[in-house]
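The values are calculated or read from the model by the stated rules, or taken from the named source; none is laboratory data. Keep in mind that what you see is a predicted model, and the values were worked out from it rather than measured. When we count neighbours, we look across all protein chains shown, and the Cβ atoms used for this are built from the backbone with ideal geometry, even at glycine. Surface areas here come from the heavy atoms of the whole protein model, side chains and all, with no ligands, DNA or RNA. Shrake-Rupley method; radii C 1.70, N 1.55, O 1.52, S 1.80 Å.
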Amino acid sequence: MRRVFLGILTILCVGLTGCMAQAADPAPRRFSTEFIGAMDTVSRMIVYCADEAEFIRAVETVRGELERQEALLDVHRPDSAVSRVNAAAGGTAACPAELCALVGRCQALYARVPGTNIAMGAVLRLWEQARASGVLPDAAALQHAGEHMALDQVIADPESEKITIADPELLLDLGAVGKGHAADAAAARLRELGLTDFLLDFGESTMVCAGAPPESSGWTVALREPDAVLNLSGRREVPEYSVTLALTDRCLGVSGDYQKYFAANGTYYAHILEESTLYPARYCRAVCVLAPDAFTADYLSTALFAQPYATGRAAVESLPAVDALWIFADGSREMTPGFAGHCLDE
């Protein structure tokens, strides 16, 4: 079984060198590469292709899809579709049907599992500024922004290709689901090329494990222990990895307090916010979700991180084909039976 290591989703690409094929492998041949660019992330691919020409087509297809998704979803680009919608807050803006559908999908899942609120853009912007400056957001500014994040103020209509935001101070931010949506779109493009066995890793939060390497039962993925990156427990001996998984046709999303954070007054503040407090959630160190698609895995990893374990566990158990792992501050962990079934070291 071929092994791919992630540092709760930082892939180390053990034994891989960009765009090199293993000559000893039978056809289809194994190719890999990584590139930095679209969606402000390092994108990594392992693909089994017939030849180098097919692999180059695959890489260009994924790169092009990510660039298209960035133009759709990046709130930091003033010319993106979501930025144009935000600029029209208080009224209606024309936008691609794909963005309308994605907003509607987020709203539908939010109704079942709250926690990932794409209408929290104004609050998220204040915390982004805090990470850049190292100074906590002003309490009054946070409270004001928190009064303008009601998801029911957003009406998306894919048929007319328009989004209405009734609240003029509400801002959309789809960062919690953007990479998952883009990963699903990129995987769909690869399948259109006739490719079935590939691994896509986008940044530190999203992975698609499609098919399996030849003569293998799945992709092997090792999830790094949070304290191995940011040791908040003070443990002297920290294992490098928490669990090792075997995955076939599964998508993985991870949210962790070590992925984006800053320190202020001796306290670490992560990037995933709890709706009720408008401050970073502290229920656990990391959540890993397995789901049939990357959008669902990404959405749920954020939502589960931002709520108590018992509440999140009940939510996961109500959803079909979804499993999860929680890692807590003391190094302990909990997982659903289905997640445990993918673990090689349990």
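Before moving on, here are some points about what is shown:
- q = 0.19, 0.23 Å⁻¹, segment 140-219: log10 I(q)/I(0) [Debye, one scatterer per Cα]: -0.90, -1.07
- Counted charge near Ala270, where neighbours are those whose Cβ lies closer than 13 Å (Asp, Glu -1; Lys, Arg +1): 0
- Segment 132-286, Rg to Rh (Cα coordinates; Rh as Kirkwood inverse mean 1/r): 1.04
- Relative contact order %, segment 200-346, counting alpha carbon pairs below 8 Å whose residues are six or more apart: 22 percent
- Net charge, His76 excluded, C-beta distance under 11 Å - Lys, Arg +1, Asp, Glu -1: -4
- Per residue accessible area in Å² of segment 277-346, where ligands, DNA and RNA are left out and the probe is 1.4 Å: 36 Å²
- Here is the list for segment 63-150: GluC sites (Glu not before Pro) lying in DSSP coil, each with at most 15 other C-beta atoms within 10 angstrom of its C-beta, are Glu147.
- Choice from Ala71, Ala58, Ala108 with maximal GNM fluctuation in the chain (Cα, 10 Å cutoff): Ala108
- Surface accessible to a 1.4 Å probe, Arg313 within the full protein complex, Å²: 40 Å²
- Total formal charge among the other residues, if their Cβ is under 12 angstrom from that of Pro158, Lys/Arg +1 and Asp/Glu -1: -2
- If the segment from Ala314 to Ala111 were pulled out straight at 0.36 nm per residue, it would be longer than the present Cα-Cα gap by 71.6 nm.
- Entry note: the chain has Rg to Rh equal to 0.97, where both radii use alpha-carbon atoms and Rh is the Kirkwood radius.
- Considering only Cα atoms, the convex hull volume of segment 84-196 works out to 135 Å³ per residue.
- Of the residues His148, His76, the one with the largest accessible area comes first in the ranking His76, His148, computed with a 1.4 Å probe on protein heavy atoms.
- To the nearest ten degrees, helix 121-133 and the longest principal axis of the Cα atoms of the chain are 70 degrees apart.
- Dividing the convex hull volume of the alpha-carbon atoms in segment 211-290 by its residue count gives 106 Å³ per residue.
- Between 0 and 90°, nearest 10: helix 97-112 axis offset from the chain longest Cα axis: 80 degrees
- Per-residue [θ]222 nm for the chain (sum of -39500 (n - 2.57) over DSSP H runs n ≥ 4, rounded to 500): -10000 deg cm²/dmol
- In the elastic network of the chain, a GNM with C-alpha springs shorter than 10 Å, the most mobile of Gln259, Gln69, Gln129 is Gln129.
- Taking the 1.4 Å solvent-accessible surface of the chain as the whole, the part contributed by carbon and sulfur is 52%.
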